[in-house]
Amino acid sequence: MPPVIHLTLWTTDIPALSRFLEAVAGLTVVGIYPGFAELAAGASRVALHSDEAGRGHPWFTAVQKEGVARGIGTEIGFSVHDVEAAFRTATKLGGLAIAPPYDVDGRRECTVMGPDGYLFTLSQQ
């Protein structure tokens, strides 16, 4: 069995980040609940947590500070069917173009900054 990843992202807006990941990277929303959402990327899962969900977490105080980009230092890669379309969708949803689509090592890639400062590199073989 291939490795399965369970990734948790802290966010200020669960519905916005859920919509972004669904529309741009093709994830499937499994459920959205108060303070929490779960999305599927194949067998892997992405959990979204808001402040209400993490009061006991050691990062709670740090991520509550105004203006803190929660995704700082994080870059997540997703394979997509069409990099150009994913890039257009990301920017229409307010994503910031970091690297517009380009070719590298036999694949097409781009990088966008989504909600809460998370970087997403989207690639197509």
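Can you pull out the residues in region 75-98 that are in a helix (DSSP H, G or I), charged (D, E, K, R) and touching a strand residue (DSSP E or B) at 6+ places or on another chain (Cβ under 6 Å)?
The one that is in a helix (DSSP H, G or I), charged (D, E, K, R) and touching a strand residue (DSSP E or B) at 6+ places or on another chain (Cβ under 6 Å): GLU84.
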Does VAL83 satisfy the criteria of being modelled with pLDDT of 90 or more and surrounded by 18 or more Cβ atoms within 10 Å (Cβ to Cβ)?
yes
How many of the residues in region 102-123 are on the phi < 0 side of the Ramachandran plot and either among the aliphatic types (A, V, I, L, M) or surrounded by 19 or more Cβ atoms within 10 Å (Cβ to Cβ) (or both)?
12
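This table checks each residue for (1) modelled with pLDDT of 90 or more; (2) more than 11 Å from the chain's Cα centre (by Cα); (3) more than 28 Å from PHE87 (Cβ to Cβ); (4) not small (Gly, Ala, Ser).
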residue: MET1; (1), (2), (3), (4): no, yes, yes, yes
residue: THR12; (1), (2), (3), (4): no, yes, no, yes
residue: PHE20; (1), (2), (3), (4): yes, no, no, yes
residue: VAL29; (1), (2), (3), (4): yes, yes, no, yes
residue: ALA37; (1), (2), (3), (4): yes, yes, no, no
residue: VAL46; (1), (2), (3), (4): yes, no, no, yes
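Collect the residues in region 14-32 that are part of a helix (DSSP H, G or I) and either of a type in the set (A, V, I, L, M, F, W, C) or in contact (Cβ under 8 Å) with a residue 40 or more places away in the chain (or both), keeping them in residue-number order.
Within region 14-32, ILE14, ALA16, LEU17, ARG19, PHE20, LEU21, ALA23, VAL24, ALA25 qualify.
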Write out, first by first residue and then by second, each pair whose Cβ atoms fall under 6 Å of each other, whose residues are 6+ apart or on separate chains, and whose first residue, in region 92-103, is touching a residue at least 24 places away in the same chain (Cβ under 8 Å) and within 18 Å of ALA69 (Cα to Cα) while the second is of a type in the set (A, V, I, L, M, F, W, C) and part of a strand (DSSP E or B).
GLY95/VAL112
I'm trying to understand the selection: among the residues of region 99-108, which are farther than 25 Å from TRP10 by Cα and in a strand (DSSP E or B)?
PRO100, PRO101, TYR102, ASP103, VAL104, ARG107, ARG108
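The values are calculated or read from the model by the stated rules, or taken from the named source; none is laboratory data. Only a predicted model underlies this, so the values are computations on that prediction, with no experimental measurement involved. FYI the Cβ positions are ideal-geometry reconstructions off the backbone, even for glycines, and counts take in every protein chain you see.
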